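No value in this document is a laboratory result; all are computed from the given coordinates. Keep in mind the model is a prediction, meaning the values are calculated, not measured. Counting neighbours? That spans all protein chains shown, and the Cβs are built from the backbone with ideal geometry, glycine included.
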Amino acid sequence: MKVSGFTIIRNAVNNDYPVVEAITSVLPVCDEFVVAVGKSDDATLELIQNIPSDKIRIIETVWDDTLREGGRTFALETDKAFQAISTDSDWCFYIQADEVLHEKYYEIVRDAMIRFKDDKSVDGLLFNYKHFYGSYDYVGESWRWYRREIRVIKNNKHIFSYKDAQGFRKKPNVKLWVKLIDAYIYHYGWVKDPRLMQKKINNWYTFYRNDLWINNNVVADQEFDYGNSSSLERFEESHPKVMLPRIERKNWKFDHDISRKKYSTKEKVKRLISSLIGYRIGEYKNYKII
């Protein structure tokens with residue numbers, strides 16, 4: 001069995017992405033790892049080149065910044081990385097630049113890959129998610145966070161990155177059949193110094209909004225307001241080992257009253273109905289669970 005990892009990145013240094021931790025976290029389950037490094041305004045290419053692993057293969061790309069509708073650029077870049085994977089790989093592990101796999105899940109992931117490698121009914125593996133917010137001590141509890149997503153797919157070139165690269169589909173536009181495994185992806189995209197977080201948000205807008213909207217709505221040099229979080233809970237488990245040095249360098253303070261829940265009216269109704277029927281209604285599912 002051969003496994004290839006893949007990801008995309010651009011301006012990782014300026015936006016403080018934990019991309020080195022992301023890549024390093026999945027290297028133990030991969031035989032090769034393809035990184036599509038977009039032409040950057042910082043030392044992102046050097047950052048990836050300095051990861052000490054002979055498994056890593058870099059392809060340099062140029063992002064089309066004019067494709068702003070729905071973050072389409074992210075999907076196109078992801079497809080470039082996926083297409084560059086060796087043809088003899090069985091599985092492909094996609095990890096985004098702010099996602100990390102905990103080492104305690106390595107065996108679970110490997111076992112699932114072995115078990116379903118030759119099962120043609122399975123297109124991919126579905127992971128649960130923990131979304132960290134504000135600091136490394138809190139995770140999102142509100143249903144506005146997506147609960148699951150596909151991160152391992154078969155090396156089938158009919159599969160493509162969907163919309164803004166959150167998940168995948170198969171040509172012409174079909175949801176993948178997946179197996180849900182008992183493993184989590186740790187998403188750290190909302191954990192930064194408030195100034196860096198706002199800088200990242202402002203950069204993010206450039207992939208979804210036009211210049212007029214940005215000029216009228218984006219304020220430079222402000223701090224992101226973490227106080228608007230809807231509902232959080234304390235994280236009492238361990239973080240992946242690759243994240244510990246970054247966590248030690250944390251230089252801002254964030255505290256939150258976990259008893260304060262700010263569910264929208266729509267979510268309150270959904271939670272009530274789900275408590276009665278035992279099923280989470282209205283959940284976004286870009287996949288079909290076998």
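The table below lists the values:
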read-out: For segment 227-243, Karplus couplings with θ = phi - 60° (6.51, -1.76, 1.60), whole Hz, Gly/Pro x; value: x, 8, 4, 7, 6, 10, 9, 5, 9, 10, 9, 8, 8, x, 4, 5, 8
read-out: Largest-first principal axis extents, alpha carbons of segment 129-217, Å; value: 41, 36, 22
read-out: Efficiency of FRET between Ile258 and Tyr279 - r from beta-carbon atoms, R0 35 angstrom, step 0.05; value: 0.85
read-out: Among Phe224, Ser274, Phe207 - extreme Cα towards positive end, dipole of segment 199-278, charges at beta-carbon; value: Ser274
read-out: Calculated FRET value between Lys2 and Lys175, using beta carbons and R₀ = 22 Å, to 0.05; value: 0.30
read-out: Neighbour cut-off at most 14 other Cβ (10 Å), DSSP loop, trypsin sites (Lys or Arg not before Pro), segment 23-98; value: Lys39
read-out: Cα-centre dipole for the chain with unit charges at Cβ (Lys and Arg positive, Asp and Glu negative), debye to 20; value: 1260 debye
read-out: Cα radius of gyration and Dmax for segment 167-257 (Å); value: 17.8, 47
read-out: Exceeding the 30 Å Cα-Cα cut-off - candidates Lys130/Lys250; Lys39/Lys288; Lys157/Lys179; Lys55/Lys117; value: Lys39/Lys288
read-out: Gain on full stretching of the segment that runs from Glu69 to Val13 - 0.36 nm per residue minus C-alpha separation; value: 17.7 nm
read-out: Gain upon complete extension [Asn217, Ile247; 0.36 nm per residue less C-alpha separation]; value: 7.6 nm
read-out: The chain: antiparallel DSSP beta bridges as a percent of all, rounded to 5; value: 45 percent
read-out: Distance between segment 50-84 and segment 185-239 - C-alpha centres, whole angstrom; value: 22 Å
read-out: Student exercise, segment 188-290 dipole from Lys, Arg, Asp, Glu Cβ charges, in Debye to nearest 20; value: 360 debye
read-out: Cα→Cβ-extended label distance, 7 Å offset, between Val62 and Asp118, nm; value: 4.6 nm
read-out: Gap separating the Cα centres of segment 1-30 and segment 104-136, nearest whole Å; value: 16 Å
read-out: Dipole of the chain [Lys/Arg +1, Asp/Glu -1 at C-beta], most positive-end residue of Tyr184, Trp63, Val37; value: Tyr184
read-out: Which of Ile51, Ile181 has the fewest Cβ neighbours within 10 Å, and the rest in rising order; value: Ile51, Ile181
read-out: Contact order relative to length of the chain, as percent, for alpha carbon pairs under 8 angstrom and 6 or more apart; value: 21 percent
